[in-house]
Structures are given as C-alpha cells and as structure tokens.
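The values are calculated or read from the model by the stated rules, or taken from the named source; none is laboratory data. Just so it is clear, the structure is predicted and the values come from calculations on it, not from any experiment. Ideal geometry is used to build each Cβ from the backbone, glycine not excepted, and the neighbour counts take in all protein chains shown. For the accessible areas, the whole protein counts, side chains as well, though only heavy atoms, and no ligand, DNA or RNA atoms are used. Shrake-Rupley method; radii C 1.70, N 1.55, O 1.52, S 1.80 Å.
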Amino acid sequence: MKTRTERPGSRASACLITVCFIQQVYQSTGITLLVPEPIINATVSQNVLLSVQYTCNATVSIEWQHTSNWRSERIVHWKTGSFVNVSKGYTDRIKIYENGSLELEDVGVKDSGYYVITVTEDYGNTKHGTIFLSVHEILYEDFYFVAVFIAFLAAGSAVLICFMWLCNKCINIAQRRKQSRRVEEEIEMRIITDL
C-alpha cells in the first residue's frame with residue numbers, strides 16, 4: 001500500500017484558502033440599509049410611505065418599531081419569504097414591501113414619532129435606520145374664522161361701495177338743482193332787466 005506524502009505547507013495553504021473563502025462569504029453577506037427620507041411631514045388622514053432600501057445576500061428578518069412620547073411598540077416583524085407578524089393596532093393600516101418599506105394608511109396625530117427599522121441577517125449582522133414622522137392636524141376652526149372674516153370684509157366693502165354710489169348720486173342731484181336755480185335766477189334777472 002502506498003502512502004501519501006504531503007508537501008510541506010500544503011495544509012497551511014489549504015487552511016488559508018478556506019479562511020479566505022469563509023471571509024469572502026461573510027463579507028458578501030453584509031447588510032446595506034438606505035433611508036432616503038429621514039424626516040416626513042404629513043397631515044391627518046394621509047397615507048405615508050416610510051421608504052427604505054436594503055441589500056443583503058443572505059435571508060434577513062425585518063422589524064419596524066414605533067417610538068413616541070406616549071409609547072413604544074413593535075409594528076411588524078417579518079422574515080423574507082417566510083412569516084409576517086403584525087401588531088393588533090396596525091393590522092388593517094399597513095402595507096409592507098419587499099425592499100423593507102412600510103406604508104401607514106390613514107395616519108393620525110398619535111402616529112407621530114420615530115420609526116426604527118432593524119434588518120438582521122442569519123449570521124447575526126444588524127443594521128438600523130430611523131425615520132421621524134410628524135403628523136399635523138388641520139384646524140378647521142381657523143378656516144372658518146378666516147372665511148367669516150373675509151365674508152365680513154366683503155359685506156363691509158359692498159356696503160361702502162353702495163354708500164359711495166348713493167353719495168355720488170346725491171351730489172349730482174344737488175349740483176343739478178343748483179345749476180337749475182342759477183339758470184332760473186339768470187332768466188329772472190334778464191326778464192327784470194328787460195322790463
């Protein structure tokens with residue numbers, strides 16, 4: 001039976017190649033996470049897209065969490081190609097997208113706050129992104145006040161225009177009477193002088 005003779009350093013080079021391969025695989029499974037719009041302003045009842053974009057060669061799990069002055073809660077947690085776990089308060093109000101983005105429908109003031117996305121790959125690497133959402137309420141009382149104020153100004157200007165028109169007519173009538181009196185006086189003076 002023949003025995004194999006190994007060259008010196010062949011084991012070391014095989015280990016080095018294996019380590020380089022593992023490192024290459026580990027580096028190629030890194031996560032990149034992009035948050036193009038970190039601050040979003042919206043009004044009540046709008047639909048808001050919390051847009052993100054991630055890239056990763058491995059399978060990832062994605063979690064969105066909402067943090068505000070009042071509370072902190074998990075909105076949704078899912079694993080690509082697998083399960084989706086949505087919190088009760090958001091069941092009918094969210095849409096999730098393959099790129100990790102989240103759409104909130106019919107937002108209210110209580111939805112204001114920080115939205116944190118956590119992308120975790122199978123190897124344990126994690127990336128976080130944050131979006132701040134500010135939801136403003138439209139105050140209709142202000143619109144009513146402005147509308148009433150404009151209506152009041154329009155009515156006041158209409159009354160002033162009518163008053164100015166009436167004054168102008170009165171002045172014209174007074175000037176005509178004055179002219180007719182002068183003409184009558186001149187005629188009387190001519191008659192008197194002619195006699």
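Compute the accessible area per residue over region 135-176, keeping the other protein chains in place, probe 1.4 Å, unit Å².
Working: 3880 Å² over 42 residues.
Heavy-atom SASA per residue in region 135-176 reads 92 Å².
Stokes-Einstein at 25 °C, 0.890 mPa s, Kirkwood radius from Cα pairs: D for region 59-181 in µm² s⁻¹? All intermediate terms of the calculation are to be shown ahead of the outcome.
Values: Rh = 20.0 Å.
Translational diffusion coefficient: 123 µm²/s.
What figure, in Å² to the nearest 10, do you get for the accessible area of I187 with a 1.4 Å probe and non-protein molecules left out?
Its accessible surface works out to 90 Å², give or take rounding.
Just to be sure I understand: if I project the alpha-carbon convex hull of region 84-150 onto a plane and average over all orientations, what area do I get in nm²?
Values: hull surface 27.0 nm².
Answer in nm², one decimal: 6.8.
What spacing in nm lies between the two simple spin-label points modelled at L160 and R190, each 7 Å away from Cα in the Cβ direction?
If labels sit at L160 and R190, their model points lie 4.6 nm apart.
D for region 144-195, whole µm²/s, Stokes-Einstein with Kirkwood Rh over alpha-carbon pairs at 20 °C and 1.002 mPa s: what number?
Numbers: Rh = 14.4 Å.
So the translational diffusion coefficient is about 149 µm²/s.
If packing is taken as the average count of other Cβ atoms within 10 Å, what order do 154-167, 105-118, 68-81 fall into, highest mean first? Walk me through the numbers before you get to the answer.
Details: 154-167: 10.0, 105-118: 16.4, 68-81: 13.6.
Result, highest mean first: 105-118, 68-81, 154-167.
When the accessible area of region 80-190 is computed with all protein chains present and a 1.4 Å probe, what percentage of it is carbon and sulfur?
Working: 5220 of 8390 Å².
Exposed carbon and sulfur together represent 62 percent of the surface.
Less than 15 Å Cβ to Cβ from L49, Lys/Arg counted +1 and Asp/Glu -1: what total charge do the surrounding residues give? Please list the in-between numbers first.
On the way: positive: R93, K95; negative: E37, E98, E103, E105, D106, D111.
Neighbour charge sum, excluding L49 itself: -4.
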